[in-house]
1. So for each of 131-142, 7-18 I average, over its residues, the number of other beta carbons within 10 Å; can you give me the resulting order with the highest mean first?
2. Compute the signed sum of charges (Lys and Arg +1, Asp and Glu -1) over the other residues within less than 14 Å, Cβ to Cβ, of residue 277.
3. Using the Karplus curve 6.51 cos²θ - 1.76 cosθ + 1.60 with θ = phi - 60°, what ³J(HN,Hα) values do you get for each residue of segment 39-48, in whole Hz, with x for Gly and Pro?
4. Could you check the spin-label model distance between residue 121 and residue 152? Points 7 Å from the Cα along Cα→Cβ, value in nm.
5. Set the Förster radius R0 to 41 Å, insert the Cβ-Cβ distance between residue 339 and residue 82 as r into 1/(1 + (r/R0)^6), and round the FRET efficiency to 0.05.
6. What is the Cα coordinate range of segment 24-153 on the first, second and third principal axes, sorted by size from largest, in whole angstrom?
7. Expressed as a whole percentage, what fraction of the accessible surface of segment 67-284 belongs to carbon and sulfur atoms when a 1.4 Å probe is rolled over the protein heavy atoms?
8. What does the highest-first list of 235-246, 153-164, 370-381 look like by mean Cβ count within 10 Å?
Amino acid sequence: MLNSLKLSLDQRKVDGLLRQRRLLDSPQAEHIVANNQHFLSFCSNDYLGLANHHDLIATMQSAAQASGVGSGASNLITGHHRYHDNLEKQLAKFVHMPAALLFSTGYMANIGVISALMGRNDAVFADKLNHACLNDGAFLSRAAFHRFPHNDVVALEELLKTSTAKHKLIAADAVFSMDGDMAPLPEYLSLCEKYDAYLYVDDAHGFGVLGEHGQGTLNHFKLKSPRIIMMATLGKAAGVAGAFVAGEQVVIEYLIQKANSYVYSTPAPPALSATLSASVNLIEHGDHLRSHLRTLIAYLKDNLNCRKWQLMPSDTAVQPLVVGGNHEALALSEYLQSCGVLVPAIRPPTVPVGTSRLRISLSAAHSIEDIQKLIKVLHQAETLL
Ligand SMILES: *Cc1c(COP(=O)(O)O)cnc(C)c1O
C-alpha cells in the first residue's frame with residue numbers, strides 16, 4: 001500500500017495537482033504572514049473581516065474565563081452549554097426559522113443532516129458542482145443519488161418526474177464555492193411543491209453576506225417554506241468556526257436524535273458559541289461592511305481587463321478567474337505570489353478538468369488600493385506569462 005500511495009502522489013505532482021499547505025504565522029486577515037513573507041491575501045472566506053476582530057477576541061477571552069476551554073462531552077451527555085443554546089435560539093431568530101441546531105463544522109452538518117433525513121428508499125438530487133460534503137452526506141445515507149448539470153432546472157425536473165423514491169431531497173450550494181454564482185432556489189422550491197420534495201440549502205457563502213442584514217440567500221430570494229432546511233457555516237463570513245442547520249422544529253428535534261455527527265461528537269468549546277453570538281450581532285449591524293464589499297466586487301469587475309483569462313459571471317465575493325490548465329493556473333498563482341499577492345489556484349477534482357482557476361475571494365477588510373494592486377499584477381502577468 002505504501003508504495004502505491006507514493007506512486008499516486010508522484011503522479012499528482014506530474015499532473016500539476018499536488019496540493020501544498022502554506023504555513024500561516026499571523027491572524028487570518030487581508031494582510032498575512034505566510035511562509036515567513038508578508039502577503040496581500042485574496043484567499044480566505046472571511047468575507048466581512050471578522051476573523052481577527054478585536055471585539056470578538058475580547059469576547060472569546062472573557063467567555064473562556066467564564067466557561068473554560070472544553071465542552072467535555074457530547075451535547076446529549078453534559079456538553080450542551082447555555083452559550084450553545086443561546087446561540088441556537090439567536091440564529092433561528094436571525095434567519096426567521098422555527099429552530100436551529102449547531103454542528104462543529106459545516107462538513108459535519110452536511111453529512112449528519114443528509115444521512116439522518118434520507119435512507120435506502122429515498123433519493124437525493126444534487127447539483128454537479130455541489131460542495132464535496134453534500135455528496136458525502138448523500139453517500140452515507142444510502143439513498144439513490146442523482147446529480148444534475150449545474151443549475152439545470154429542466155434536467156432536475158426530469159429526474160424528479162421519474163423518481164419513485166419515498167422521500168426526495170434537492171441539495172444545492174446557495175452560492176457556489178468555486179464559481180460564485182447562485183442556485184435558482186425559487187425554481188427549486190416550486191419543484192419541491194410540485195413533486196413533494198424538500199430543499200436543502202447550503203448557504204456557506206451567502207450567510208452574513210447576502211440578504212437583508214446578511215441573513216443569507218433565502219432572504220435574498222425572499223423564500224420561506226416548511227419544505228426548506230438550511231445550513232450555514234460559521235467559519236466563513238461569521239469569522240469563527242462551526243455551522244448551524246435551521247428548519248422546522250420537528251426536523252431539528254429529529255436531528256438531535258438521529259444525526260450521528262451531532263450525537264456522537266463533542267461540541268465546540270462554549271466560548272466559541274459566545275464569540276459567535278457576538279459575531280452574529282456584528283453581522284446584523286454590518287450593512288456598512290456589506291456595502292463596502294459590494295463596492296469592491298463592482299470595482300474588480302469593472303477594472304480587470306484580461307484578454308487571456310476571464311472572470312466568471314459572479315456578483316458575489318467569490319470571483320473566479322478561469323485559466324484552464326493546471327500548470328498554467330499554478331504558474332499564474334506563483335507569479336502573483338512573487339509580487340506579494342496570494343490568490344489560490346483551484347484545480348480538479350475541486351473544479352472540472354480544463355477549468356483550473358484562480359479563486360479571488362474579496363473581503364470587507366480589503367481597501368480599494370488592495371484591489372488596484374491585484375488588478376495591476378494580473379495585468380502585468382498577462383504580458384509576462
Ligand atoms: C466550506 C464549505 C462547507 C464546509 O464547512 P466547514 O465549516 O468549513 O466544514 C460546506 N459547504 C460549502 C458550500 C462550503 O463552502
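1. Working: 131-142: 19.8, 7-18: 11.8.
Listed from highest to lowest mean packing, they are 131-142, 7-18.
2. On the way: positive: 82, 89, 93; negative: 55, 85, 88, 284.
Charge balance near residue 277 sits at -1.
3. 9, 8, 10, 10, 10, 8, 9, 7, 4, 9
4. Taking the simple label geometry, residue 121 and residue 152 are separated by 3.0 nm.
5. Values: r = 49 Å, r/R0 = 1.19.
E between residue 339 and residue 82, to the nearest 0.05, is 0.25.
6. Projected onto the principal axes, the Cα atoms of segment 24-153 cover 49, 41, 28 Å.
7. Values: 4670 of 8530 Å².
C and S fraction of accessible area: 55 percent.
8. Values: 235-246: 25.8, 153-164: 14.8, 370-381: 17.8.
Peptide ranking by packing, descending: 235-246, 370-381, 153-164.
The values are calculated or read from the model by the stated rules, or taken from the named source; none is laboratory data. Note that the coordinates shown come from a computational prediction; the quantities given were computed from them, not determined experimentally. As a convention, Cβ positions derive from the backbone with ideal geometry for all residues, glycine included, and neighbour counts pool all protein chains shown. SASA here: full protein model, heavy atoms, side chains in, ligands and nucleic acids out. Shrake-Rupley method; radii C 1.70, N 1.55, O 1.52, S 1.80 Å.
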